[in-house]
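Read the structure below first, then the notes.
Please treat every number below as a calculation from the coordinates, not as lab data. No experiment lies behind these values; they were computed from the predicted model shown. When we count neighbours, we look across all protein chains shown, and the Cβ atoms used for this are built from the backbone with ideal geometry, even at glycine.
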Amino acid sequence: MQLGCIGQPCYWPPPGRPRWPRRVNSALLRTVATPVSFLSTRLRAFAPTTIFTLRWLLLASLVGALAGTASAGFLVSLEWATAWREAHGWALALLPVGGLLVGLAYHYFGNRVVRGNNLILDEIHQPSATIPLRLVPLVLGGTLLTHLLGGSAGREGTAVQMGGALADQLARWLPRRERRLLLIAGMSAGFASVFGTPLAGTIFGLEVFLLGAVRYEAIWPSLVAAVVADAVTRVWGVGHTHYPALAALPLTATGLGATLLAGALFGLAARSFAALTHAISRVFSRIAYPPLRPVVGGALVALALWALGTMRYAGLGVPVIVEAFQHRLGAQDFILKLLLTALTLGAGFKGGEVTPLFFIGAALGSALAGVLPLPVALLAGMGFVAVFAGAANTPLACLLMGLELFGVQAGVYLALACVVAYLFSGHTGIYGAQVVGQAKHPRLGRQAGRRLGEL
């Protein structure tokens with residue numbers, strides 16, 4: 001192209017060619033620049049959200065992978081410990097010895113982590129220091145020893161603590177304000193992976209630390225961590241207990257009324273369990289040397305099981321939970337499991353409360369089938385989730401758990417049972433570090449902002 005400007009200043013368009021009017025140039029520029037400017041502004045507005053989403057997709061996936069792997073190893077070990085105990089009935093006599101080992105380990109190596117789940121909740125409310133990684137082997141070993149020798153305990157507490165402790169190790173590379181998100185994601189991942197319920201695990205982490213409120217700032221990290229943890233556990237080849245799907249039931253005045261009554265009873269059972277466990281813990285705290293507390297508790301549990309002549313109430317009790325869906329159980333099943341679990345955990349053994357609460361709720365619901373006009377499987381399923389809802393003050397998570405485990409056909413009945421149990425359990429619960437965010441009813445409003453352990 002010849003510009004005709006060799007040896008002289010060069011202009012475009014070349015001389016002799018018509019120029020566009022300046023006003024046309026300005027109008028054209030505005031026409032092109034306006035959409036570009038708008039798009040640029042919109043992209044800048046979405047940049048923080050995009051960065052947060054991608055960043056926590058990676059971080060929460062890592063948390064989920066760690067928690068899922070830990071839970072897979074724990075569940076396999078727990079299955080072995082349960083099978084070994086069932087094949088060697090004499091192991092029950094060693095429960096006090098196991099209690100001594102657990103007590104010594106925590107006394108000399110785990111003073112700071114002895115509070116377990118309550119420590120994680122305290123760190124969410126008032127961050128102070130990274131949770132020591134030694135919590136993982138301590139709670140894992142303590143729980144396996146408890147189950148190996150016949151203690152009555154669960155598994156959720158162990159998985160949640162491992163998930164929280166592993167997640168917290170990443171906090172050193174993050175801003176301090178984001179540590180809470182890591183801890184919540186770790187709890188969600190542990191819960192989801194140990195029960196195979198990623199939706200319930202997501203909401204559990206958001207709901208458990210603040211009674212009566214759900215904090216949504218961690219919903220994305222919690223969801224990703226829960227889904228990944230559950231998937232990783234399954235990739236390791238570890239499965240979960242399958243429960244029967246609940247059949248659809250028409251909504252009738254009689255059925256709904258029976259559900260409200262059952263929900264109130266489930267809430268009272270949850271309240272009784274929490275109160276008794278804390279009371280036993282206070283009694284055992286009078287023993288000056290902490291390692292001796294589980295020794296005494298172990299001896300009492302072993303004597304009780306020996307006197308009963310059955311190991312039906314030892315360990316998780318999953319076979320009895322499954323049985324509760326099949327036919328009506330006697331009232332003694334839920335009462336004895338409640339007493340033995342409260343004694344085991346109150347004395348200082350390690351494990352979780354949730355699976356025993358499933359046992360207590362399912363057995364109570366099954367027993368109520370003799371007096372309430374509802375199917376035994378439905379009552380067992382309602383009790384399964386509602387007693388836990390009342391004891392942990394997590395009705396939404398428990399409702400989702402019911403839908404994930406039993407199907408959506410009985411969703412209304414499960415929801416009513418969970419909410420009513422939550423209300424009737426009052427401001428009590430298995431987690432003393434839980435803070436009252438929103439009182440359950442106006443008369444308890446003055447307790448807002450206080451820990452359950454202080455009430």
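Give me the distance in nm between label points sitting 7 Å out from Cα along the Cα-to-Cβ direction at V408 and R115, one decimal.
4.1 nm
Go through the range 80-131 and name the trypsin sites (Lys or Arg not before Pro) that are in a DSSP coil and have 13 or fewer other Cβ atoms within 10 Å of their Cβ.
R112
Please arrange M187, M311 by counting, for each residue, the other beta carbons lying within 10 Å of its beta carbon, fewest first. Show your work: numbers first, answer last.
Working: M187 32, M311 16.
Ordered by Cβ neighbours within 10 Å, fewest first: M311, M187.
List the residues of the range 133-151 whose backbone N lies under 11 Å from a point placed 7 Å from the Cα of W84 along the Cα-to-Cβ direction.
Residues 144-149 qualify, since their backbone N sits under 11 Å from the label point.
Starting at the first residue of the range 286-296, write each ³J(HN,Hα) from the Karplus equation 6.51 cos²θ - 1.76 cosθ + 1.60 with θ = phi - 60°, in whole Hz, x for Gly and Pro.
Per-residue couplings from phi come out as 6, 6, 5, 9, x, x, 7, 5, x, 5, 5 Hz.
Enumerate the amide H contacts of I131 below 5 Å, restricted to partners 5 or more residues apart or on another chain; note that Pro and chain-start residues carry no placed amide H.
So I131 has HN proximity to no qualifying residue.
Using the beta-carbon distance between V97 and Q447 and R0 = 45 Å, what value does 1/(1 + (r/R0)^6) give for FRET efficiency, to the nearest 0.05? Spell out each step's value before the answer.
Details: r = 42 Å, r/R0 = 0.93.
Plugging the Cβ-Cβ distance into 1/(1 + (r/R0)^6) gives 0.60.
Starting from the Cα of H107, step 7 Å along the direction of its Cβ; do the same at A129; then give the gap between the two resulting points in nm.
2.2 nm
Ordered by packing density, taken as the mean number of other Cβ atoms within 10 Å over each peptide's residues, highest first, how do 126-132, 369-375 rank?
369-375, 126-132
Distance from the Cα centre of the range 434-454 to that of the range 289-337, in angstrom?
33 Å
Using 7 Å Cα-to-Cβ label points, what is the Y289/R44 separation (nm, one decimal)?
Simple spin-label model gives 7.0 nm for this pair.
Using Cβ counts within 10 Å as a stand-in for footprinting exposure, how do T310, T241 rank, fewest first?
Lowest to highest Cβ neighbour count: T310, T241.
Can you compute 3J(HN,Hα) from phi for each residue in the range 130-139, using the Karplus curve 6.51 cos²θ - 1.76 cosθ + 1.60 with θ = phi - 60°, rounded to whole Hz and x for Gly and Pro?
Going residue by residue, I get 4, 5, x, 5, 5, 4, 5, x, 5, 6 Hz, with x marking Gly and Pro.
The chain: percent of C-alpha pairs farther apart than 34 Å?
I get 37 percent for the Cα pairs in the chain exceeding 34 Å.
Please order S193, S222, S425 by the number of other Cβ within 10 Å, starting at the fewest.
Listing S193, S222, S425 from fewest to most nearby Cβ atoms yields S425, S222, S193.
Taking just the alpha-carbon atoms of the range 263-372, what radius of gyration and Dmax come out, in angstrom?
14.4, 48
Rg(Cα) of the range 370-417 divided by 2.2 N^0.38 Å?
So the range 370-417 has a normalised radius of gyration of 1.06.
Just round it to a whole percent: the fraction of Cα-Cα distances in the range 253-454 exceeding 21 Å. Walk me through the intermediate numbers first.
On the way: 10442 of 20301 pairs.
The share of Cα pairs beyond 21 Å in the range 253-454 comes to 51 percent.
Amide H to amide H, which residues 5 or more places from G151 or on other chains are under 5 Å from it, using H placed in the peptide plane?
G315
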